[in-house]
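These notes concern the structure reproduced below.
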Amino acid sequence: MRRRAFLASAGLAALAGCSNGGGSGSTATPTATGTGTPEFELRAVEATESTPLNDPTVFAIAVQNTGTGAGTFVSALEQRVDGGEWQTAGELEMPLAAGETGEWHSPRFALDYLGTIEFRLAAFDETWAIDVVPAEYDFGIRYATPTGLFVNVLGGSFERTYPTAGNETATNESTATAEPTPTPTAPADGQVWAVMRVDVRNRLQEAQSVPEPSTFALDVGGEERPLRQDVASDPYESGSLAGRTVRRGELVYPVPAGTQARDLRLTWERSYEGGDVKVIWTK
């Protein structure tokens, strides 16, 4: 099969398609380029069933000229989000000799928001869909938000008492002032503290708000653990973050004794004007 260039890709930089579609048996209105009569049939649409946030994906469309002459297959490619209105994403154009099958590959797409994206090849009225699912990262891998923040859960440690004993002071990274270290505290019997480090970076020049601590959730064995910021010696804090600067701090949760790093799932989710996002960090 020949790989064909994508023409007029307007709109596709934000969306991508998936799911398998078989030949419909329909034919598009051909554009003849010589003797004989071209006739086009859809052979396949090939793509994945789902894709995580920010993870590039592609799809491919195969069309065969089953007629007796060369011609150019032309069709609008449409898209819609979560059952909304169809919009034109671009135009697919594929010159094919008689009997030739051509394969068109979309550009690579990274999707910003959760939801379901549908595509339609207008010439055959062929549709397919993709589910955009939460991103899953190892601890230490950052997620780029649609607004220009990098959010990262660096990992952490398990502590029987926290913070550790001593007369040292902690520095509040938001105000750059020294604050007394909280009194060492032990969790309830049968539990330890999971101290998770969060790093948020503003890659823009202008200031913007960082996520609230409450938008992070730690799950152990399917059970969400309560957030205990009163225990943290260097608590992660929300608020405004200046351009090109970093906010780093701790999220502290009581977890069952014996919990290991691979048992932890720390989730962050948020709603934006353009849609919802959800990211999960694990080991």
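The values are calculated or read from the model by the stated rules, or taken from the named source; none is laboratory data. Bear in mind that the values here come from a model prediction, so they are computed numbers and not experimental data. All Cβ positions, even for glycine, are placed from backbone atoms using ideal geometry, and neighbour counts span all protein chains on display. Just so you know, the surface numbers come from the protein's heavy atoms only, side chains and all, with ligands and any DNA or RNA stripped out. Shrake-Rupley method; radii C 1.70, N 1.55, O 1.52, S 1.80 Å.
Looking at segment 70-165, which chymotrypsin sites (Phe, Trp or Tyr not before Pro) are in a loop (DSSP not H, G, I, E or B) and have at most 16 other Cβ atoms within 10 Å?
The qualifying sites are Trp86.
Please list 3J(HN,Hα) in residue order for segment 67-82, calculated via the Karplus relation 6.51 cos²θ - 1.76 cosθ + 1.60 where θ = phi - 60°; whole Hz, with x for glycine and proline.
So the Karplus estimates, Gly and Pro as x, are x, 9, x, 5, x, 10, 7, 10, 7, 6, 10, 10, 8, 8, 10, 6 Hz.
Working with all protein chains in place, sort Ser75, Ser50 by solvent-accessible area computed with a 1.4 Å probe, largest first.
From most accessible down to least: Ser50, Ser75.
In terms of modelled amide H atoms, which long-range or inter-chain residues lie less than 5 Å from the amide H of Ala44?
Close amide H contacts, sequence-distant or interchain: Ala62.
Multiply the residue separation of Glu85 and Ser240 by 0.36 nm, subtract the distance between their alpha-carbon atoms, and state the gained length in nm to one decimal.
Here the answer is 52.2 nm.
List the GluC sites (Glu not before Pro) within segment 63-166 that fall in a DSSP loop (any state other than H, G, I, E or B) and whose Cβ has at most 12 other Cβ atoms within 10 Å.
When the GluC sites (Glu not before Pro) of segment 63-166 are filtered for loop state and at most 12 Cβ neighbours within 10 Å, Glu85 remain.
Using modelled backbone amide H atoms (1.01 Å from N, in-plane), which distant-in-sequence or interchain residues come within less than 5 Å of Asp55's amide H?
Under 5 Å from the amide H of Asp55 lie the amide H atoms of Leu111, each far enough along the sequence or on another chain.
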